[in-house]
Every structure is written in C-alpha cells, then in structure tokens.
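The values are calculated or read from the model by the stated rules, or taken from the named source; none is laboratory data. Remember, predicted model here, so these are calculated numbers, not experimental data. FYI the Cβ positions are ideal-geometry reconstructions off the backbone, even for glycines, and counts take in every protein chain you see.
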Amino acid sequence: MTAASQPASQGGPVGAAHTRVGAPILRITALRKSYGAHEVLRGIDLDVARGEVLAIIGKSGSGKSTLLRCINGLEVFQHGSLIVDGKHLLHDNARAMRELRQGVGMIFQNFNLFPHLSVGRNVMLAPHLVKKRPGSQNEARARQLLARVGLAEKFDAMPDKLSGGQQQRVAIARALAMDPAIMLCDEITSALDPELVGEVLRVVESLAEEGMTLLMVTHEMSFARKVADRVIFMHQGLVHEIGPPAEIFGAPKTPELRQFLSSLHD
Amino acid sequence: MPLQLDFASVLDQWPLLLRGAAWTIGLTAVATLLGGVIGVLCAWARSGGPRPLRWIAGAYVELIRNTPFIVQLFFIFFGLPELGIRLSPAVASILAMTVNLGAYATEILRAGIEATPRGQIEAAESLALTRAQIFTRVVLPPALRKVWPALVSQIVIVMLGSAVCGQISTEELSYATNLIQSRNFRAFEAYIVGTLSYLALAILVRNLLHWAGPRFLFGR
C-alpha cells in the first residue's frame with residue numbers, strides 16, 4: 001500500500017470553521033470487501049476527523065463508491081472494522097445498523113426521492129418514523145431545511161415536478177433532517193445537466209463551511225480542490241495516495257495518480 | 001311465432017334481484033379486503049421473505065392460478081366436510097373468492113414491488129427506517145399505484161366469477177336470476193336483466209375502485 005492512514009491532525013489545511021477535537025468520527029481499519037472471487041477493496045485504513053471534508057477520486061472500478069457504501073452498511077464487507085462516532089458497524093444486528101445509520105446521511109447520484117410523497121413529506125418521513133419527532137416540530141424543521149437549500153416554496157410540490165438540481169437539493173435536506181454527524185455524497189452531480197451542477201455544489205460547500213463532516217466521491221476536481229481538506233486517490237481497491245488537495249493535484253507522487261489526472265484533461 | 005318480450009314479469013321480482021346484487025357486492029367487498037391483505041403478505045413473502053415462506057407463498061399462488069375457480073369452490077364446500085369442516089354457502093363462497101383473489105393479487109403486487117428502483121430502498125435504509133417501515137411506507141404505495149389498474153381488473157373478474165357461487169346456493173345475483181326464470185319461465189328476459197345487472201355492477205365497482213385507490217391507498 002502506498003499510503004496508509006494518516007492521523008487527522010496531519011490532514012489538509014484547517015479551515016476556520018473546522019473543529020478537530022477528540023477521537024476520529026470515522027475509523028476504518030483493514031477493510032476488505034469482495035464480490036465473489038473479485039476483491040474490490042483490498043485493505044482500507046482511514047481515519048476521518050470531525051468536521052473534515054474528504055474528496056475521493058479515482059477511476060471507475062477503483063472501489064471508491066463501494067468504500068462509501070460500506071460506511072453506512074449498504075455494502076457488506078468481509079474483513080476489517082468500521083467505527084462511526086464510536087459505534088461499531090455490525091451487519092447482522094439490525095438495531096445497531098439503524099442506530100449507526102441515524103448518524104450517517106447519504107446522498108445518491110440518482111437523488112432517490114420517494115416519488116409518492118411531496119417534497120415536504122420526503123423530508124419529514126424519517127424524522128417522523130425513526131426519531132418520533134412531533135408533527136409541528138418536524139414540519140418546522142423540514143421547512144427550515146428546505147429554505148436552507150433554497151426550496152422553501154416547494155414544500156408541497158411532488159418530486160417529479162422538480163429539476164434534477166432541485167431534486168438533489170431536496171435529497172440533501174432529507175438527509176440533513178436526521179441530523180447526521182457525517183454526510184456521504186456518492187457522485188451527487190453526475191446525473192445532473194451541467195448548468196444544474198453549481199446549485200448543488202454550493203449547498204454542499206455551505207455544509208462544509210458549517211463544519212459538517214463530508215465524504216464525497218466526485219468527478220468535480222475543481223470543487224474537490226477548493227473544498228476538500230484531504231483528497232483520497234483510490235486505485236485497484238486501495239488508498240493509493242492521500243493528502244491535501246494542493247499535493248494531490250499539484251504534486252502527485254505516484255505514476256497512477258499522474259496518469260489519472262492527465263486523463264482528465266484529454 | 002313472434003317473439004313476445006315480457007320484462008315486467010322479471011322486473012316484478014326486483015326485491016330478489018336487489019338482494020342478489022347486494023350479495024354479489026358484499027361477497028366481493030369482503031373477498032377484496034381479505035384477498036388484498038393476503039396478496040400484500042404473500043407478495044412481501046415472495047419478494048423479500050425468508051426462504052420457506054417464499055416457497056409456501058409460491059406453491060399457493062401456483063396451485064390457485066392453475067386450477068378452476070369452481071373446483072376450488074366445490075372443494076371447500078363439498079370436500080372439506082370430509083375433514084369435519086362444514087361451512088355455510090356464504091362462508092364457503094367468501095373463502096373461495098378470498099383465496100382465489102389472494103393468489104392473483106400476490107402476483108400482481110409482486111410485479112409492482114419488484115419494479116421498485118433499488119435506489120429508493122437504499123435511500124430509505126440510509127435514513128435508518130426499519131424493514132417493515134421501508135415496505136409499508138416506501139415500497140408498497142408506489143407499487144400499488146403502478147399495479148392498481150391490473151388489481152381492479154382482477155377484482156372485477158372475481159366479482160363476475162362469483163356467479164358460480166349460486167351453484168352452492170349462495171343467494172347472489174346469478175342465483176336470483178335462476179330463481180326468477182324457474183318461477184316464471186322467462187329465461188330470455190331474466191338472463192338479459194341478469195347480464196345487464198352484472199354489467200352495471202362491474203362498471204360501478206371498477207369506477208369506484210379507480211376513484212378510491214388514489215384517495216385512500218396510495219396518495220395523489
């Protein structure tokens with residue numbers, strides 16, 4: 001392995017809003033995952049500090065989405081351990097999984113809004129069912145979150161009446177409604193028309209500024225460069241290089257990363 | 001001999017017809033509710049349940065869908081007494097219709113459930129919903145909406161099929177029609193009236209369900 005995990009304190013430049021106190025909010029140790037005989041993740045070690053913003057880049061098939069999906073248990077891994085906010089990920093314990101997932105928000109490439117529920121109800125569903133948040137309080141919070149992503153007036157709209165960018169911002173509000181400690185973003189702008197990418201990235205950037213711990217798999221290199229504290233380059237199921245964006249983009253150490261970066265400019 | 005139509009002597013018996021129609025609607029309503037519940041449970045079992053349940057639900061669906069309704073009805077009414085289970089005609093009819101509709105509803109609902117995009121289930125899982133919550137709140141409502149027209153058609157088919165329940169002396173609409181023509185020998189007129197009554201009931205039930213589904217079951 002070219003790059004092992006680094007202590008969070010040696011990570012990227014510490015932004016003013018970021019606070020890095022206490023134990024890492026996410027600790028991944030020797031994680032291995034395979035689909036049948038094919039090993040997709042071949043031993044991942046990673047510590048993420050509270051408030052840190054990580055961008056994960058790499059070729060398709062390098063395991064970056066799989067890694068992200070392991071963090072909230074959407075993918076089951078065979079070896080290693082994963083701790084989020086002090087909670088061990090235990091695949092075979094449904095209650096523990098739900099406990100852990102409450103602290104981990106996820107935003108998907110394809111938005112995945114619930115098509116039969118209005119925007120407001122999409123945001124309110126999980127707090128109502130999982131957190132038992134009382135109705136009026138739940139609605140007030142949903143309205144506040146929708147206002148925050150710039151969609152206050154869409155509370156009663158159905159998802160299929162919204163643009164992709166708007167749907168993705170609703171998905172962000174929906175994830176935020178559970179008050180997660182970590183937010184996972186899985187190529188969240190890849191399904192958007194180019195002119196809609198900006199509105200979504202601005203919301204993500206504001207989350208980063210407010211100190212949300214963010215892990216994002218992304219192809220938006222300029223965004224990663226601007227917002228991330230550390231960038232992870234994944235290659236063949238391993239963390240191949242890790243470091244502050246200036247180093248990763250400005251002074252790549254390995255030929256694989258150099259090749260990957262130059263392929264982006266073709 | 002010129003054809004002499006005498007609808008009056010059939011329509012004179014309107015209380016019998018009305019009673020028959022009420023029975024038909026009643027049988028259908030109960031079978032729809034119970035069969036719908038069976039359909040949802042078995043569709044869940046077949047698409048995501050534990051292996052033994054999946055197998056049992058599958059066997060049930062195949063058994064019912066590949067045998068005639070009248071045989072199922074006769075088995076319940078004339079066969080089960082051998083085991084000491086004696087049912088009244090009405091209960092036997094409801095049971096047969098429920099079991100029959102349940103099997104078809106299972107397959108119809110399963111199609112809708114399996115068409116749920118994987119991503120929506122993953123989103124619900126990420127939001128820490130339980131499996132039961134995901135099924136009832138995220139998977140089922142859009143699935144019901146997708147398959148509602150097919151399900152309504154099947155309910156109407158079962159209602160029309162309930163005509164054979166008259167064979168075990170359940171006093172539904174076809175039984176009433178038979179009774180009338182056996183009394184006044186106006187078979188032609190009686191069956192025209194019976195046929196038109198079924199047509200009217202079918203249109204009524206179809207429209208009612210199409211109206212009610214989006215309002216009470218799956219939103220919009």
Can you name the condition, by its number, that A:Met158 falls short on among (1) modelled with pLDDT of 95 or more; (2) among the aliphatic types (A, V, I, L, M); (3) under 20 Å from B:Ser126 (Cβ atoms)?
(3)
Across segment A:249-266, what is the total count of residues that are in a helix (DSSP H, G or I) and within 23 Å of A:Leu31 (Cα to Cα)?
2
Could you say which residue among A:Glu241, A:Glu199 is farther than 30 Å from A:Arg98 by Cα and surrounded by 21 or more Cβ atoms within 10 Å (Cβ to Cβ)?
A:Glu241
Sole miss for A:Met106 among (1) more than 13 Å from chain B (Cβ to nearest Cβ); (2) outside any loop (DSSP other than H, G, I, E, B) is condition (1)
Taking A:His91, is it within 14 Å of another protein chain (Cβ to nearest Cβ) and at pLDDT below 95?
yes
Among the residues of segment A:124-136 satisfying the criterion of being under 26 Å from A:Lys161 (Cα atoms) and more than 10 Å from every other protein chain (Cβ to nearest Cβ), which is surrounded by the most Cβ atoms within 10 Å (Cβ to Cβ)?
A:Met124
Of the conditions (1) facing another protein chain (nearest Cβ under 8 Å); (2) among the charged types (D, E, K, R); (3) surrounded by fewer than 20 Cβ atoms within 10 Å (Cβ to Cβ), A:Arg101 fails just one. Which one is it?
(3)
Taking segment A:182-220 and keeping residues touching a residue at least 40 places away in the same chain (Cβ under 8 Å), in a loop (DSSP other than H, G, I, E, B) and more than 11 Å from the chain's Cα centre (by Cα) leaves A:Ser190, A:Ala191, A:Glu210, A:Gly211, A:His219
Within segment B:67-182, considering only helices (runs of 4 or more DSSP H) that don't extend past its boundaries, which have at least 2 residues that are in contact with a Lys or Arg (Cβ under 9 Å, 6 or more places away or on another chain) and either of a type in the set (Phe, Trp, Tyr) or over 30 Å from A:Ile172 (Cα atoms) (or both)?
B:89-114, B:140-161
All but one of (1) within 12 Å of another protein chain (Cβ to nearest Cβ); (2) surrounded by 21 or more Cβ atoms within 10 Å (Cβ to Cβ); (3) of a type outside the set (Phe, Trp, Tyr) hold for B:Lys146; state the number of the condition that does not hold.
(2)
For B:Glu82: the one exception among (1) at negative phi; (2) within 12 Å of another protein chain (Cβ to nearest Cβ); (3) free of Cβ contacts under 8 Å to residues at least 60 places away in the same chain:
(2)
Out of the residues in segment A:155-182 meeting the condition of being of a type in the set (D, E, K, R) and surrounded by 21 or more Cβ atoms within 10 Å (Cβ to Cβ), tell me which one is farthest from the other protein chains (Cβ to nearest Cβ).
A:Arg169
So, in segment B:186-220, how many residues would count as being over 14 Å from B:Val156 (Cα atoms) and more than 14 Å from chain A (Cβ to nearest Cβ)?
13
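Let's see how each residue does on (1) of a type outside the set (Gly, Ala, Ser); (2) farther than 30 Å from A:Arg98 by Cα; (3) more than 14 Å from chain A (Cβ to nearest Cβ):
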residue: B:Trp44; (1), (2), (3): yes, no, yes
residue: B:Gly58; (1), (2), (3): no, yes, yes
residue: B:Thr67; (1), (2), (3): yes, yes, yes
residue: B:Ile94; (1), (2), (3): yes, yes, yes
residue: B:Thr106; (1), (2), (3): yes, no, yes
residue: B:Arg131; (1), (2), (3): yes, no, no
residue: B:Phe135; (1), (2), (3): yes, no, no
residue: B:Pro142; (1), (2), (3): yes, no, no
Search segment A:109-123 for residues being surrounded by fewer than 23 Cβ atoms within 10 Å (Cβ to Cβ) and more than 8 Å from chain B (Cβ to nearest Cβ), and hand back the single one that is farthest from A:Leu26 (Cα to Cα).
A:Ser118
Reported set for segment A:143-178 where residues are free of Cβ contacts under 8 Å to residues at least 60 places away in the same chain and part of a loop (DSSP other than H, G, I, E, B) is A:Val149, A:Gly150, A:Leu151, A:Phe155, A:Asp156, A:Ala157, A:Met158, A:Leu162, A:Ser163, A:Ala177
